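Everything below concerns the one structure shown next.
The values are calculated or read from the model by the stated rules, or taken from the named source; none is laboratory data. None of these values were measured; they are calculated from a predicted model. Heads up, the Cβs are rebuilt from the backbone with ideal geometry, glycines too, and the neighbour counts pull from every protein chain shown. With ligands, DNA and RNA removed, areas are computed over all heavy atoms of the protein, side chains included. Shrake-Rupley method; radii C 1.70, N 1.55, O 1.52, S 1.80 Å.
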Amino acid sequence: LYVKSNKRGVFKPVRKYYSTPTAVLATFLASGLLHEYCWIVAFYVHDDEKTAEDGTCPSCHYPTHGKLVAFFLYSGILILLEFRLGRLWAFQSMKRTLPAFIIRMLVIF
């Protein structure tokens, strides 16, 4: 559901007017913003949770804003690099000659 809505709501409209890499980055940006919003809603500190003395909540989690957006944009850049660099002769040669297990380990690590 989420992937389809992201594709229909962000990727395809942006792709209509801009390049595919721009559409990919816009999709990752939208996903990061949605995740930021979910964290803000999930960890919102209500007034009854705050102490009367200083107005803070010592047992509450305060998320750092912007880290999720940065992570998703970084992931989008890595996807674009993988798409571009994966076509190079060296990577295609490794894909054909190395065993599947080794390729999986290279991807994971």
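Observations
- Screening the range 41-54 for residues that are part of a helix (DSSP H, G or I) and over 27 Å from Ala26 (Cα atoms) and picking the one that is least open to solvent (accessible area, probe 1.4 Å) gives Glu49.
- Counting only helices (runs of 4 or more DSSP H) that fall entirely inside the range 63-109 and contain at least 3 residues that are under 30 Å from Glu36 (Cα atoms) and among the polar types (S, T, N, Q), no element qualifies.
- The condition (being not in a helix (DSSP H, G or I) and not charged (D, E, K, R)) is satisfied by just one residue among Cys38, Cys57: Cys57.
- Every test in (1) closer than 17 Å to Ile77 by Cα; (2) exposed (fewer than 15 other Cβ atoms within 10 Å of the Cβ) is passed by Leu25 save one, and that test is (2).
- Residue tally, condition among the basic types (Lys, Arg) and surrounded by 10 or more Cβ atoms within 10 Å (Cβ to Cβ), over the range 79-109: 3
- Hits in the range 62-78 (condition: open to solvent by 90 Å² or more (accessible area, probe 1.4 Å) and not hydrophobic (A, V, I, L, M, F, W, C)): Tyr62, His65, Lys67, Tyr74
- Taking the listed residues Lys12, Lys95, the one that is basic (Lys, Arg) and under 23 Å from Ile108 (Cα atoms) is Lys95, with no other qualifying.
- Residues that are touching a helix residue (DSSP H, G or I) at 6+ places or on another chain (Cβ under 6 Å) and modelled with pLDDT of 90 or more within the range 56-72 comprise Leu68, Val69, Phe72, listed in sequence order.
- Residues (within 17 Å of Val69 (Cβ to Cβ), at pLDDT below 90, of a type in the set (A, V, I, L, M) and over 17 Å from the mean Cα position of the chain (by Cα)) located in the range 1-55: Val41, Ala42
- So Val3, is it over 21 Å from Arg84 (Cα atoms), open to solvent by less than 80 Å² (accessible area, probe 1.4 Å), in a helix (DSSP H, G or I) and not aromatic (Phe, Trp, Tyr): no
- Taken over the range 61-98, residues that are farther than 17 Å from Pro21 by Cα and charged (D, E, K, R) amount to 3.
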